[in-house]
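Have a look at the structure below before the remarks.
Nothing in this text is a laboratory measurement; each read-out follows from the coordinates by a stated rule. The structure displayed is predicted, hence computed values, not measured ones. When we count neighbours, we look across all protein chains shown, and the Cβ atoms used for this are built from the backbone with ideal geometry, even at glycine.
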Amino acid sequence: MKDYFQDKEPRELKERVFIITWAALFFFFILVARLWYLQVIKASHFKQLSRNNSFRLLKEQAPRGIISDRNGLTLVENRPGFDLSITPEDIPDLERTKNLLIKLTTMDSEAIDERIEKEKGRPPYRPIKLKENLSWEEVVKISAYKFELPGVSIDVGLKRNYKYRDATAHLIGYLGEISEKEYSGYKKMEPNPYSPGDMIGKTGIEVSLEDRISGVNGGKQVEVDAHGRLVSVVKNIRPYPGNNTRLTIDLPTQLAAWEGLKDKAGAVVAIDPRNGKILAMVSAPSFDPNDLSDGLSRKKWEGIITNPFKVLTNRAIQGQYPPASTFKPITAAAALEEGVIGPETKIYAGPSFWFKGHEYRDWKEEGHGTISVHRAIVESADTFFYQVGLKAGLERLSRYAKEFGLGEKTGVALMNEKEGLVPSSEWKKRVYGVPWYEGETVSVSVGQGLLTTTPLQLLNAYSAIANGGTLYLPKLIESIETPEGDVTEKFAPQEKRRVNISQKTLNIIKNALRGVVAEEGGTGHYILNVGGLEIAGKTGTAQVARLKERTKNIYSIPYQLRDHAWFVGFAPFNDPRIAVCVLVEHGGFGASAAAPVALSVIQTYLEGNPDIMARYGLYGAKGGENATPEGENAGSEKPAGKGAL
């Protein structure tokens, strides 16, 4: 071996070592360059990918509690729905994704841009909800293109289903996405139960009971890949449903009220005068809360809020109207209690009454003759009460109106209730800077002028007349129950106060209200005098504009100038179990426009209504006054205090 190498030159070996060395150096340089490119040039890119291919926390909304009527009939339930969301950080080409979604769904570019713009400033990688309640066709199309839509997801969740739509809309309310102002308020709570984008109650029972029916949210810890697609679920905390709510509402009675009012503008409220439980509350025109809770475009929402009929206004508690002749029993009570007149005092009630050069007309062209307070209420004699009101004076009329609860909120468990207005001379001087004139007292004595009330306030006053003088807090909630059915809260009736009026005066007023229906010449006689029901009450026609000539043809008058129509009453007379107030805006005469609606509501509650039951598929369901709410003796019964339910 030694001899072999002795006669060889090292040149060939050196060349080979040289080539191998440079080759190794070349490949080492390539490796270093590649590492430098990946670690320096592409550092931010791979940092983002590493973030994406990581764990994320996904919130899972708790199902809201079910809402039912007093007999357990479901008013609001939950149903499955599909929502479309995007995570922009997972989308390599947002414009291409937008164009594809426009082709696959009913969304347009403006709607998508609006949703993305609204979420500016959100935390990174939090999905943006583009559309709720996808149709089945949209779900199928998007699923078919899922590999071309990185960062796009379809989430399955529970949506509200308002079974009776317009008929219960103002009472139950609707859901909407939490606003920045609302979220800021909830951020102060520990722990904060909400996140931006959550759906919360906006009106009605949905917002009044938000803390009870919203439940406890759950969540998932998931692993996603670089495109935001789910890889695995690491941990899952299941949400806990919200509590269920049983209302005092009687569904058949509620539906009868809606059927009577749905083609009009106005309100219907029914109460059990023995305890203040609300049996029905309807406002019209109405809306479908399913549409609002599913999410509307800005254009559709603007169409709703600019509707001249103000469909979102709950006229039962927010509409403020002159009570018209329905106020006459209160004028009579003030005059009787103060000794201005006696039960047998006779006053001439002619076709008109002149005072200080002004003519105040009666609704009846020939007048009523010389009558007592009983017949004055029965026949609704304007000219009788013009004179009695002047003798009693404004301050007495105002004091007794407030005694019956007018001019103050009833305290019902609904937001934005209005107070109405009971004027006084001090109030007018303070607000307008001018004195009160006696001519204004003439108007107030028959429920016109500056005096206004809500339908619920007026009904509560009549309920006090019906039950002998107790003013109750109107109650909407019967009980709160866990998802398992255990009653945790049961709310007892709560007296606000006793009306400071003698039983003798209350009986005089009550008998006169019965005469309105039972006696010949009574303004409600021909409409409401139905055997067995023994209805008592008062019609009213609230003047909207002073007309030069009387006319019984309301259709000859422009709609906006027609009078509002009232009826307030109770039944049966000797044992009142339901009190009803009906207000029909621009309906004309109370006897013809409002009284028939009240009759239907009273009949449905006291006798049942097979037509309503069949129309709404309530076969075999219990309803009306004879139905007993379940769980009557269960749970902890407590009086409703602050924030009364």
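Key figures
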| quantity | calculated |
| --- | --- |
| Compactness of region 70-109 as Cα Rg over 2.2 N^0.38 Å, two decimals | 2.01 |
| Qualifying chymotrypsin sites (Phe, Trp or Tyr not before Pro) in region 371-456, DSSP loop, other Cβ atoms within 10 Å at most 13 | Tyr437 |
| Under 13 Å, Cβ to Cβ, from Ala461 - net charge with Lys/Arg +1 and Asp/Glu -1 | +4 |
| Part-to-part distance (alpha-carbon centres) for region 111-181 and region 335-383, which is given in Å | 62 |
| Flagged links, alpha-carbon separation over 29 Å, of Lys103/Lys181; Lys264/Lys490; Lys429/Lys504; Lys262/Lys300 | Lys103/Lys181; Lys264/Lys490; Lys429/Lys504 |
| Contour excess over end-to-end distance, with Cα ends at Asp288 and Phe26 and 0.36 nm allotted per residue | 86.9 nm |
| Highest to lowest packing among 387-395, 372-380, 453-461, scored as the average C-beta count within 10 Å | 453-461, 372-380, 387-395 |
| Proximal charge balance of Glu585 [Cβ under 11 Å; K/R count +1, D/E count -1] | +3 |
| Sparsely packed chymotrypsin sites (Phe, Trp or Tyr not before Pro) within region 299-335, loop by DSSP, other Cβ within 10 Å at most 13 | Phe309 |
| Summed side-chain charge close to Ile305 - residues other than Ile305 whose Cβ falls under 13 Å, Lys, Arg +1, Asp, Glu -1 | +4 |
| Long-range amide H partners of His586 with built H, under 5 Å | His564, Ala565 |
| Sequence-separation-based contact order of region 239-293, relative, with Cα cut under 8 Å and 6+ spacing, percent | 34 |
| Fraction in percent of alpha-carbon pairs per bin - 10 Å, region 274-336 | 16, 31, 27, 15, 8, 2 |
| Packing rank of 522-534, 137-149, where each peptide gets the mean count of other beta carbons within 10 Å, highest leading | 522-534, 137-149 |
| Intensity falloff of region 58-247 expressed as log10 I(q)/I(0), Debye formula with alpha-carbon point scatterers, at q = 0.10, 0.18, 0.19 Å⁻¹ | -0.47, -1.34, -1.42 |
| Segments 62-73, 480-491, 261-272 sorted - mean Cβ within 10 Å per residue, highest first | 261-272, 62-73, 480-491 |
